[in-house]
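Worksheet: the structure to be examined is printed underneath.
Quick note: the coordinates plus some simple rules give every number you see, no bench work behind them. This is a predicted model, so every value here is computed, not measured. Here Cβ is always computed from backbone atoms with ideal geometry, including for glycine, and neighbour counts include all displayed protein chains.
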Amino acid sequence: MRVPVVQHHSRRRRALGRRALWTGGEFLVTAGVILLLLVVHQLWWTNREARQGAEHQVQALERQWATPGGGSGGTPSANSVSTGGSSPRRSPTTDGSTTSSGSGSATAPHRSQAYAILTIPRLHLRVPIAEGVSKQNVLNKGYVGHYPGTQQPGQAGNFALAGHRNTHGEPFRYLPSLRLKDTVQVETSAATFTYTVDKILPQTSAADSGVIRPVPRSIVKPSYGYSRPGYYVTLTTCTPEFTSRYRMVVWGTLTSTRPR
């Protein structure tokens, strides 16, 4: 009876095969752990960090406004704003924002400066509003950003805002839950402006600039928007969730102004 002889090179091949499988398995496990950590960072840590920072900023603004003389600068005064009639003249600044040249007005906020608070009762949302829509300096902090070149709270025209739908505090995560006649409040050092939601555009192109014009109307879906000047607020966010391909838009009209 002949005994089979195992060649050394066969043993080496099997050993190399096992080593390759083991190395490949270790690589896949390591890659999976790294990917899981990245997901946790994006979906949990950035939200936690941004929400805490946004809450602290809201508290800082409230303390500032409660201090005598601490509410100056950044937004129009309540005396220069109304819900009807003519509005003060505005001129563009070098950073694309606007200043009011009417009596009792204040300078425009600096870029990335938090200067107002957005409250949406239905969403249980209360977050800072900062000048500009920079991801790094505004949106990723969990703030809502004001589109430079659009109007300020309570002014005639369109006060347009943007916020993250997912990650980094995701203040507009539940924007689709808003309904007609819901209220949107914007609080500044001068007054609280209440807007009432009256139009919703579920989805449009990310390049649809018409939605933030002084008289907002979609240039992609012209049946959505307004046809006459007024006092408007615009809320924009990405849609569907976890993508930035399209935009959702919620519009409201100014219905009351309460001086501070």
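A compact table of results
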{"quantity": "Length released on extending from Ala66 to Thr255, taking residue separation times 0.36 nm less the Cα-Cα span", "calculated": "65.5 nm"}
{"quantity": "In range of the label at His56: residues from segment 147-191 whose backbone nitrogen is under 18 Å from the point 7 Å along Cα→Cβ", "calculated": "168-170"}
{"quantity": "Residue exposure sequence - Lys181, Lys141, Lys221 - by fewest surrounding Cβ within 10 Å", "calculated": "Lys181, Lys221, Lys141"}
{"quantity": "Placed amide H near Phe159: partners under 5 Å, 5+ positions off or other chain", "calculated": "Gln151, Tyr232, Val233, Thr234"}
{"quantity": "Sorted by Cβ density within 10 Å, fewest first, the residues Trp251, Trp65, Trp45", "calculated": "Trp45, Trp65, Trp251"}
{"quantity": "Label-to-label distance, nm, for residues given as Leu16 and His110 (7 Å Cα→Cβ offset)", "calculated": "6.5"}
{"quantity": "Inter-label distance, nm, simple model (7 Å from Cα along the C-beta direction), Ile219/Thr243", "calculated": "2.3"}
{"quantity": "Segment 233-253-segment 154-188 distance, computed between alpha-carbon centres (Å)", "calculated": "9"}
{"quantity": "Aspartates and glutamates whose Cα lies under 14 Å from that of Lys221, excluding same-chain neighbours fewer than 8 positions away", "calculated": "Asp208"}
{"quantity": "Ranked list, fewest to most other Cβ atoms within 10 Å of each Cβ, for Thr253, Thr234, Thr194", "calculated": "Thr253, Thr194, Thr234"}
{"quantity": "Spin-label pair Glu49/Thr183, simplified geometry with 7 Å Cα→Cβ offset, distance in nm", "calculated": "3.6"}
